[in-house]
1. Hey, THR56 hits all of (1) farther than 14 Å from THR77 by Cβ; (2) open to solvent by 100 Å² or more (accessible area, probe 1.4 Å); (3) of a type in the set (S, T, N, Q) but one; which does it fall short on?
2. So if I check each of VAL40, VAL16, which one is in contact with an Asp or Glu (Cβ under 6 Å, 6 or more places away or on another chain) and either of a type outside the set (Asp, Glu) or modelled with pLDDT of 90 or more (or both)?
3. Working only within the range 10-19, note down all residues that are of a type outside the set (Ser, Thr, Tyr) and touching a strand residue (DSSP E or B) at 6+ places or on another chain (Cβ under 8 Å).
4. Do we find that ASP25 is more than 16 Å from LYS71 (Cβ to Cβ) and within 26 Å of the chain's Cα centre (by Cα) in this structure?
5. Only one of (1) closer than 20 Å to GLU34 by Cα; (2) open to solvent by 60 Å² or more (accessible area, probe 1.4 Å); (3) at pLDDT below 90 is not met by ASN84, so which one is it?
Amino acid sequence: MAKLWVKFKTNNVVKVSTDQCQDVDDFLKACKKELSSTLVSYDVDQLSLSTTDGGTPLQPGDAIPAQNTSKTPLFITVTDTTPNKKMWEGCPNCNKPLNNEANIKTVRKIIAGSGLAGAILGGIALPFLGFGLGGITAGSFAASVQGPAVVAGSLFAVLQSLGATGMGILLFGSIGAAVGVLAPFTAKLGWCNGCNDADTDTAVKGDYDSKLL
């Protein structure tokens with residue numbers, strides 16, 4: 001199996017296999033996989049390959065060199081200097097979100113943010129509509145739709161009660177948190193537990209719940 005030496009910025013030169021690589025584009029994909037921790041912020045189409053540092057980039061369809069040495073490596077450069085900021089860290093093999101600590105932290109942020117947004121909505125929306133702690137605010141939207149008699153159990157009665165007791169913050173905060181929990185769990189159905197380690201796939205499943213809390 002042939003391997004070529006490559007270098008990215010100030011990192012040490014490393015060997016990357018050319019197995020199943022027919023052109024430069026294929027080899028860049030292999031480089032991204034081999035240097036996943038270094039190139040995680042970039043897509044393959046943001047990368048280019050050249051035979052000299054700062055030299056003219058090879059075209060995606062060009063043939064890759066047959067061999068080189070650690071003193072004459074191929075140079076990987078970033079043609080688009082804006083890192084590809086993604087919500088989830090993806091698997092270099094299948095591009096699905098990885099079941100790792102970084103993605104678990106993202107889930108925690110979603111849950112916290114959703115709960116906070118719901119609480120803010122409950123604390124602002126109801127008083128804005130006229131469902132305040134002191135009752136229905138004169139001249140508000142709630143006052144304009146209020147009938148001569150409020151039917152117990154109606155939507156108007158529920159909103160009036162939530163506004164008067166301040167429970168709107170708790171209710172909307174809980175709803176927001178629930179949405180924040182369900183959304184990542186739904187996304188988790190397609191997460192990758194490691195394409196190269198099928199034997200541990202079953203063992204890794206279920207770790208999500210313990211890491212989440």
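1. So the condition that THR56 fails would be (1).
2. Values: VAL40 fails: in contact with an Asp or Glu (Cβ under 6 Å, 6 or more places away or on another chain).
Of the residues listed, the single one that is in contact with an Asp or Glu (Cβ under 6 Å, 6 or more places away or on another chain) and either of a type outside the set (Asp, Glu) or modelled with pLDDT of 90 or more (or both) is VAL16.
3. Within the range 10-19, the first condition is being of a type outside the set (Ser, Thr, Tyr), and the residues that meet it are 11-16, 19.
Listed by number, the residues that qualify are VAL13, VAL14, LYS15, VAL16.
4. On the way: more than 16 Å from LYS71 (Cβ to Cβ): yes; within 26 Å of the chain's Cα centre (by Cα): yes.
Yes, satisfied.
5. Exception for ASN84: condition (2).
The values are calculated or read from the model by the stated rules, or taken from the named source; none is laboratory data. Keep in mind that this is a model prediction, so the values were computed, not measured. Glycine gets a Cβ as well: all are built from the backbone with ideal geometry, and neighbour counts include every protein chain shown. These area figures cover heavy atoms from the full protein model, side chains too; ligands, DNA and RNA do not enter into them. Shrake-Rupley method; radii C 1.70, N 1.55, O 1.52, S 1.80 Å.
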